[in-house]
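The values are calculated or read from the model by the stated rules, or taken from the named source; none is laboratory data. Just so it is clear, the model here is predicted, and its values are computed rather than measured. Heads up, the Cβs are rebuilt from the backbone with ideal geometry, glycines too, and the neighbour counts pull from every protein chain shown.
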Amino acid sequence: MDSLLFSILDEILFRLNPKSLALMRCTNRFMESHISDNSKFKSEYLSRFKSSLLHISRGGSRNLCFHPLGDFRLFQNNDALEKPCHILGYCSGLFLLLIDGCFCVTNPLTKKFRFLNRSEWVRPKCIGFTVDQIDQTTQGFKIVHITVHCTANPDEKMYEFKIYTVDFWRLSRTTITCLSSDLMTEMKPVYLNGTLHWLRKDGSIIAFNPGTEQARLIIPNKPHLEPGTKLLLGADDNHLTLISATIEVIYVFILESILIDPKWILARQIKNEAVKETITLSWDMVAYDGKCLVVRTMTNLEDDYRVVYGYDLRANKWGVVGSIPGWCDEPRDFYQYKPSWSSVIGLLDQNGPYPSLFSSVEGMMGLINRNM
């Protein structure tokens, strides 16, 4: 009987949006424990909830746009933030922001955040952001800044890793030297199984584990790519994923045997229905989370009409996610956001040492919470 009552309770809770569920946690200790500490419940709830899409100018902006997937309205935007904001990373429901030279980690759902020490970089080029979700009592985040150095051998480059953890930056003793090739710096690093992955232009991958501070160069086979192919590095639940696309077809490759003999294996071919060659001026793949592939297009119709399409891999179907307001500049960074109750160590619900920057963080959190 008890199990039946719990199953009925769960079905009721599954129908709540994340904001309402977060409020439900505060009603009593039983609800707090059932929602927060029951890993099976959290996994099932989040698996039913679709990711939303957030985008912002790559050069930083006072305006962010947020769009709940499945809702065909225009992207929602809030009033202009007081300070220009960059989004440098996203992991497990948390965002890494850069505001007025300060890093800030925030969870929009719980409205908790933390300002970090002021950064020495105006616009970090190669930032990775990770969240440790293994142990609820020791959840923490790390920021990794990868830097590239020339060596005595002009055919080689050396990579160093600077890590932010426990309130300070430190240079890792780990370095890796390999044949020279540029990082695809406009492509965000991908975090999977505790490791950050940066794709290089020669198809190899720099992998760095912030926990063990081990680095390695992954050299998979090169899949056949047609001229003019667009690339996107992503991940599903278990594999690194390489998306290559032409106007006609999108190919999804997964990386098998990553530790022994890495190989890109073709897992799926998708007809590129988002791009209509006769009217499309430009297009690009902007996000992928293993369940949905997002493609942005711009047509030659009146007012430079820009549409964002999503391909649902489970339903095997394309759909319109929404349209981008005309005032949005290009290029833009896109993030697929799935709410989380993650409460990593150090996230607070107060201003902290930089009260003048708080309103911008509050504006971002309010935008997401109002539209979930």
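Results, tabulated for the structure shown:
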| item | result |
| --- | --- |
| Qualifying residue in the range 128-146 (condition: outside any strand (DSSP E or B), hydroxyl-bearing (S, T, Y) and either buried (at least 19 other Cβ atoms within 10 Å of the Cβ) or modelled with pLDDT under 80 (or both)) | yes |
| Among (1) within 30 Å of T299 (Cβ to Cβ); (2) in contact with a Phe, Trp or Tyr (Cβ under 8 Å, 6 or more places away or on another chain), the one test that I254 misses | (1) |
| Single unsatisfied condition, Q336 versus (1) more than 30 Å from L116 (Cβ to Cβ); (2) in contact with a Ser or Thr (Cβ under 6 Å, 6 or more places away or on another chain); (3) modelled with pLDDT of 85 or more | (1) |
| Single residue of L199, L179 found to be under 19 Å from G89 (Cα atoms) and touching a residue at least 24 places away in the same chain (Cβ under 8 Å) | L199 |
| Flag for A274 being under 19 Å from V190 (Cα atoms), surrounded by 15 or more Cβ atoms within 10 Å (Cβ to Cβ), among the small types (G, A, S) and within 23 Å of the chain's Cα centre (by Cα) | no |
| Matching residues, the range 247-260, being in contact with a Lys or Arg (Cβ under 8 Å, 6 or more places away or on another chain), touching a residue at least 12 places away in the same chain (Cβ under 8 Å) and either of a type outside the set (A, V, I, L, M) or farther than 18 Å from R314 by Cβ (or both) | E248, V249, Y251, L255, E256 |
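Quick grid of which residues meet (1) among the hydroxyl-bearing types (S, T, Y); (2) in a loop (DSSP other than H, G, I, E, B); (3) assigned by TED's automatic domain parsing to the domain that holds V275; (4) more than 25 Å from F334 (Cβ to Cβ):
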| site | (1), (2), (3), (4) |
| --- | --- |
| T175 | yes, no, no, yes |
| E186 | no, yes, no, no |
| G203 | no, yes, no, no |
| A207 | no, no, no, no |
| E226 | no, yes, yes, no |
| L233 | no, no, yes, no |
